[in-house]
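What follows is a short report on a single structure.
Coordinate-derived values only; no laboratory data. Keep in mind that this is a model prediction, so the values were computed, not measured. Note that we place each Cβ from the backbone using ideal geometry, even for glycine, and neighbour counts take in every protein chain shown.
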Amino acid sequence: MISSKNVEKIYDVLDIEDIVSDFVTLKKRGSNLIGLCPFHDEKTPSFSVSPSKGIFKCFGCGKGGNAIHFLMEHENFTYPEALKYIAARYNIHIEEETPSEEQQEEEKERQSLYIVSEFAKRFFSEQLFDTGEGQSVGLDYFKNRGYSKEIIEKFDLGYAPRSGSGLKRAALRAGHEAERLKNLGLLNSRESDFFRGRVMFTIHNLSGKAVGFAGRILGVDKKSPKYINSPESDIYNKSRILYGIYQARKAMRREERCFLVEGYTDVISMHQAGIENTVAVSGTSLTPGQIALIKRFANHVTLIFDGDTAGIKAASRSVDLLLEQEVNAYIVLLEEGEDPDSAVKSLGREDFLTYVDEKAMDFLDFKIQSTPGSQSDDPFQRTKAVREIVSSLGLIRDQMNRSYYIRKTADIFKLEESIVVSEVNKVIKDKVWKEKGRQQRQIRREKERSGDSDSSTSQKSGETVATPKDSVVQKDYHQELALVELLLRYGNELMEDHSPVHEFVFSNLEDVYEELSDPLVLKVLEHMRESIAEMGKIDMQGLIAHPSKEVGQLVVNLLTDEYTYSENWEERWNIVLQNQPPPEENFAKEAEEVVISLKLRKVRSVIQRQAAEIKAIQQEKPNEVNDMLEIYLELKELEKALASQLRTIVYG
């Protein structure tokens with residue numbers, strides 16, 4: 001574990017321009033540097049590096065962060081690996097901190113599981129190549145499928161002997177514990193080998209370590225499943241691993257495209273044909289975690305699935321997930337009786353790729369082809385199909401893409417475009433409010449756990465009375481973001497009285513701080529308050545490197561501008577901004593406006609709740625109304641004062 005002292009040293013010497021320049025050709029543009037993004041294909045530079053802020057941001061694909069994030073994304077480093085890379089570059093000696101006994105035990109157990117899994121992989125491989133049973137049964141099966149020795153070794157294929165204790169005996173002789181074999185699912189409840197008489201497919205994590213296995217039965221046995229898989233363990237999370245990702249990752253990045261198939265043999269046959277940017281789900285339906293893994297290397301996914309009912313259902317479910325995660329998805333449904341394994345073998349690499357390009361459908365064409373009723377003459381069936389397609393349109397986050405597919409849907413179904421827009425907006429609105437409701441419920445649960453009651457409800461005759469608090473959350477979101485942006489850009493600057501901007505902000509918002517509602521905004525603000533208490537200033541790099549990726553991405557997005565005020569306007573052309581000073585000279589006024597404006601909105605929301613509570617209890621508890629009215633009138637006075645202050649802020 002790298003010591004915090006070393007981490008601070010690394011961040012102190014870190015030069016993002018120096019690091020990124022090793023991988024991207026950068027050119028000066030104003031105070032920033034630009035270049036072609038290494039994470040997606042582009043001809044016009046949209047990749048920007050800000051040396052003063054220590055961050056990069058691509059305005060094309062959206063990726064951003066600090067130099068550590070760049071190395072993790074570009075080189076597939078873990079966080080410690082990225083730190084060590086930079087430490088070596090700047091000749092910083094790494095001092096390892098001693099983790100706690102509990103941490104040591106946890107890490108020791110994880111490493112032990114990796115060692116046992118690696119032992120099992122070697123055992124299955126040795127059984128395949130070095131035993132009569134393995135050669136005559138397992139190796140013969142792989143050779144009949146056309147697999148070369150190189151591809152068998154590349155994917156660590158193997159064979160589990162029919163004996164019910166071969167792996168167990170070998171592992172115990174090598175000093176491994178039976179309990180760890182059970183934890184990995186290599187032993188069953190009777191402590192016999194779980195995999196028996198099956199050809200074995202090793203499942204690797206992103207760094208190439210064996211973490212799980214799949215075993216395919218040979219021959220026909222109606223009582224036994226065709227495939228059995230390792231259960232999840234401390235080193236194997238099915239929803240975050242794709243079969244073949246370790247072998248495919250470089251090709252995916254190079255091609256900027258991923259082929260997603262359904263089976264282990266599909267992946268292997270595609271790789272043997274030279275189509276190495278191919279992966280498969282690992283015994284599960286496609287998950288958001290697996291999509292996130294794909295997006296690390298490619299943002300274009302072509303699903304190549306069987307054309308049967310099961311394949312169509314799997315493709316439909318996967319397409320919606322890919323749309324939601326902002327991945328460009330195309331679908332190829334193979335002819336009945338075909339799968340990628342058989343198709344690539346019969347056609348060969350070039351003809352197969354041509355076939356895929358010709359047959360690939362975008363998600364809308366696929367939905368129209370596969371949704372029942374979409375091509376029916378019955379208006380009720382067609383309406384039902386359109387509603388299903390509209391639910392998918394609502395998942396598209398990019399406005400231009402969504403607009404394009406809305407027009408296409410309207411043309412295909414001969415509908416007014418405004419009708420489709422209206423229906424899609426309903427879907428989006430419903431999704432937004434559901435998500436907001438989920439976030440609010442989470443906030444309330446966290447408050448309840450911490451013993452803080454939620455003042456947004458009151459009691460009337462034993463019933464919960466809803467107040468307007470939730471109704472103002474959505475419209476305050478952008479004002480809360482403006483507050484965060486202000487603190488990120490100018491929080492450590494000094495006001496006219498020489499106090500930092502962050503002090504002005506937090507002291508003036510103290511009485512309405514609990515009214516801030518967005519969970520992500522609250523995470524950022526809490527980190528800021530902690531760093532101010534500890535360091536006396538806002539720790540920008542700590543925010544960018546926050547454990548929550550959402551926080552880091554939000555910070556980068558707020559700190560970066562696609563367009564900046566060019567120095568040439570003033571220096572070369574003698575043109576200056578006439579209306580107001582540039583932001584870096586006007587942050588004090590901006591701070592006043594942002595704080596007072598947000599505080600005014602929050603006070604007004606409290607006034608609304610107070611009015612609702614007065615109305616709710618005036619019949620049942622009239623004695624309490626007077627006290628509440630006093631508070632209400634005080635709040636109205638505060639509202640008036642804040643509104644007056646807001647009108648007097650003048651930029652100049």
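Enter the angle in degrees (range 0 to 90, nearest 10) between the Cα long axis of helix 417-449 and the first principal axis of the Cα atoms of the chain, meaning the one along which they spread out most.
Roughly 80 degrees between the two axes.
Which log10 I(q)/I(0) values, to two decimals, does the stretch 372-431 give at q = 0.15, 0.21, 0.26, 0.30 Å⁻¹ under the Debye formula with one point per Cα?
For the requested q values the scattering log ratios are -0.40, -0.76, -1.10, -1.33.
Compute the convex hull volume of the Cα atoms of the stretch 242-370, divide it by the residue count, and report the result per residue in Å³ as a whole number.
91 Å³
Given the peptides 57-65, 153-161, arrange them by the average over their residues of other C-beta atoms within 10 Å, most packed first.
By packing density, highest mean first, the sequence is 153-161, 57-65.
Compute from the Cα atoms of the stretch 103-236 the Rg and the Dmax, the latter being the longest Cα-Cα distance, and quote both in angstrom.
14.5, 48
Once every DSSP H run of n ≥ 4 in the chain is given -39500 (n - 2.57) and the sum is divided by its residues, what mean residue ellipticity at 222 nm do you get, rounded to the nearest 500 deg cm²/dmol?
After summing the helix terms and dividing by the residues of the chain, the value is -16500 deg cm²/dmol.
Compute the orientation-averaged projected area for the stretch 4-89 from the convex hull of its Cα atoms and round it to one decimal in nm².
Reported value for the Cα convex hull: 5.5 nm².
Taking N as the number of residues in the chain, what is its alpha-carbon radius of gyration divided by 2.2 N^0.38 Å?
1.16
What is the packing order of peptides 488-498, 324-334, 11-21, taking the mean over residues of other C-beta atoms within 10 Å and listing the highest first?
324-334, 11-21, 488-498
Listed highest first by mean packing, meaning other Cβ atoms within 10 Å per residue, what order do 34-47, 102-115 come in?
Result, highest mean Cβ count within 10 Å first: 34-47, 102-115.
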